[in-house]
1. Of all residues in the stretch 7-36, count the ones that are over 30 Å from residue 130 (Cα atoms) and of a type outside the set (Asp, Glu).
2. Tell me, which strands (runs of 3 or more DSSP E) wholly within the stretch 127-217 include 2 or more residues that are touching a Phe, Trp or Tyr at 6+ places or on another chain (Cβ under 7 Å), at pLDDT 70 or above and not charged (D, E, K, R)?
3. Among 92, 99, which is the only one that is assigned to a loop (DSSP other than H, G, I, E, B) and either within 23 Å of residue 159 (Cα to Cα) or at pLDDT 85 or above (or both)?
4. Considering only the stretch 54-68, state which residues are surrounded by 14 or more Cβ atoms within 10 Å (Cβ to Cβ), part of a helix (DSSP H, G or I) and either at positive phi or not aromatic (Phe, Trp, Tyr) (or both).
5. Which of (1) of a type in the set (D, E, K, R); (2) farther than 25 Å from residue 162 by Cβ; (3) not in a helix (DSSP H, G or I) does residue 76 not meet, given it meets every other one?
6. Out of the residues in the stretch 42-53 that are part of a helix (DSSP H, G or I) and among the charged types (D, E, K, R), which is surrounded by the most Cβ atoms within 10 Å (Cβ to Cβ)?
7. Being among the hydroxyl-bearing types (Ser, Thr, Tyr) and not in a loop (DSSP other than H, G, I, E, B) is the filter; apply it to the stretch 5-41 and report the residue that is modelled with the lowest pLDDT.
8. If you scan the stretch 20-71, which residues turn out to be of a type in the set (Lys, Arg), more than 20 Å from residue 113 (Cα to Cα) and without any contact (Cβ under 8 Å) to a residue 60 or more places away in the chain?
Amino acid sequence: MHLNIKTLSPFGGEIVDHSLVELSDDQVVQLRTALGDKGFVVFRNQKIDDEQFVNFLKRLGPLTFTVGEQPVKGHDMLNVVSNVGRTTLPRSVFHTDSSYVSRPPAYTALRAVELPDSGGETLFTDQYAAFESLPSWVVERLGETLVLHVASRVTLNASDESQCWHPLFRRHPAGKLENGKNGYGFHQNHGDDSMRTTKRWATMRAIYEALQLLLQI
């Protein structure tokens, strides 16, 4: 059975009339392709518990737990994301989860358990559109650039990975090769040492500042 996917605006998708726990193997493959193409997808009105959620996630690939996060009781591969009882506001900015390891997780999944009447939304950015909006000279100048991703706001053990170099531009592996899409991401404070006094570094700073302006629109 074909997966019924509704395209959202300005990007993303919604899986319509399907249960997470009843997806066929072929539909899981379609879901992976949809995630690569649309950036994120939403399943609404899913009545599932933690165990069913974990079983679904395992069908997408090996699970990764971010060291330093608070695990869910009885399910040590899930972590709690909550503002309940906080005395300080969250400090997170736009980011890719666990990008500081050599093999970052392919997906991040959120299961809504308790939601406020208003506010509290998770926001996503379309890195495909960001890449496609770049002038060709910027892509050519930064095409081979590596950027340093560094762990922040988590407490790690001495043996845990805390930083890793990744390409600034990376083609998404999902879907057909000829339809693959490029996206990009970088930490605003890091680049290879040879870049800090070069035009490439200045260009990266310009990109970051432009993205900050776009997010304010």
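1. 6
2. Because the criterion is at least 2 residues that are touching a Phe, Trp or Tyr at 6+ places or on another chain (Cβ under 7 Å), at pLDDT 70 or above and not charged (D, E, K, R), the strands (runs of 3 or more DSSP E) in the stretch 127-217 that meet it are 146-150, 163-167.
3. 99
4. 54, 57 - these are the residues of the stretch 54-68 that are surrounded by 14 or more Cβ atoms within 10 Å (Cβ to Cβ), part of a helix (DSSP H, G or I) and either at positive phi or not aromatic (Phe, Trp, Tyr) (or both).
5. Condition (2) is where residue 76 drops out.
6. My answer is 50.
7. 33
8. 38, 59
The values are calculated or read from the model by the stated rules, or taken from the named source; none is laboratory data. Nothing here was measured: the structure is a model prediction, and the numbers come from that model. Note: ideal-geometry Cβ built from the backbone for every residue, glycine included; neighbour counts use all protein chains shown.
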